[in-house]
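Have a look at the structure below, then the notes.
The values are calculated or read from the model by the stated rules, or taken from the named source; none is laboratory data. Since we're looking at a predicted model, the values are computed, not measured. Glycine also receives a Cβ, built like all others from the backbone with ideal geometry; neighbour counts cover every protein chain displayed. Protein only, heavy atoms only, side chains kept; ligands, DNA and RNA dropped before computing areas. Shrake-Rupley method; radii C 1.70, N 1.55, O 1.52, S 1.80 Å.
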Amino acid sequence: MEYGIGATRRPDRVHTGACGITSRGRSATRESVLEVLRTVPSVIACPLCRPDSELGLLDR
């Protein structure tokens, strides 16, 4: 999971473990990624590595 910059450091974008597009990512469990994608409207799935497809979710 990639986190934003600043004091709040909220989740910003989700990537697969093999995606090299960010250096601000941290490991996350499948369950936490699914919950964030479903409940935080500002979080997006990376359009390059497509973790939403990898996890079996429909496009947002």
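Observations
- Annotation: V36 fulfils all but one of (1) modelled with pLDDT under 85; (2) open to solvent by less than 40 Å² (accessible area, probe 1.4 Å); the unmet one is (1).
- Candidate set: region 39-60, residues that are open to solvent by 100 Å² or more (accessible area, probe 1.4 Å) and assigned to a loop (DSSP other than H, G, I, E, B); chosen: the one modelled with the lowest pLDDT: R60
- Restricting the first member to region 30-54 and to residues that are without any contact (Cβ under 8 Å) to a residue 24 or more places away in the chain, and the second to residues that are crowded, with 17+ Cβ neighbours inside 10 Å, the beta-carbon pairs closer than 9 Å and six or more apart or on different chains are L37/V14; L37/V43; L37/A45; L37/P51; L37/D52; S53/A45.
- From the options T22, T16, residue that is outside any helix (DSSP H, G or I), open to solvent by less than 60 Å² (accessible area, probe 1.4 Å), modelled with pLDDT of 80 or more and among the polar types (S, T, N, Q): T16
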